[in-house]
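Here is the structure we will look at, set down as structure tokens.
The values are calculated or read from the model by the stated rules, or taken from the named source; none is laboratory data. These numbers come from a predicted model, not from an experiment. Cβ placement follows ideal geometry from the backbone for every residue including glycine, while neighbour counts extend to all protein chains displayed. Just the protein is used for accessible areas: all its heavy atoms, side chains included, with ligands, DNA and RNA removed. Shrake-Rupley method; radii C 1.70, N 1.55, O 1.52, S 1.80 Å.
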Amino acid sequence: MLLFLGRALTAPLISFHNTGKALANAQRAAGLQVTCSPAASTRPAFAFGVNVWYMQRELNRVTEAYPGATPGAQVPLAA
């Protein structure tokens, strides 16, 4: 039973950590200062799911870097 419970808690935390890394890479590719950290994406999960709000806020910063871009349009990435 503890084995299954451990997996049920560990898998989402790993997913949040990996999503934080992906958001940081997206910010870097957009030429923004990287403000998202994988650890900060994981820790707030214990506070009523605040991490989802944090990750969405960080993702919104990337989309705001391309004003006027339509969904599905190709955008230039910073080198």
Inside segment 58-75, can you point out the residues that are surrounded by 10 or more Cβ atoms within 10 Å (Cβ to Cβ) and in a loop (DSSP other than H, G, I, E, B)?
A65, Y66, A69, V75
Quick check, is A45 within 29 Å of V75 (Cβ to Cβ) and part of a helix (DSSP H, G or I)?
no
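Residue-wise test of (1) open to solvent by less than 50 Å² (accessible area, probe 1.4 Å); (2) assigned to a helix (DSSP H, G or I); (3) modelled with pLDDT under 90.
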| site | (1), (2), (3) |
| --- | --- |
| F4 | no, yes, yes |
| G20 | yes, yes, no |
| A24 | yes, yes, no |
| L32 | no, no, no |
| S41 | yes, yes, yes |
| V52 | no, yes, yes |
| Q56 | no, yes, no |
Among the residues of segment 23-79, the number that are of a type in the set (F, W, Y) and within 14 Å of the chain's Cα centre (by Cα) is 2
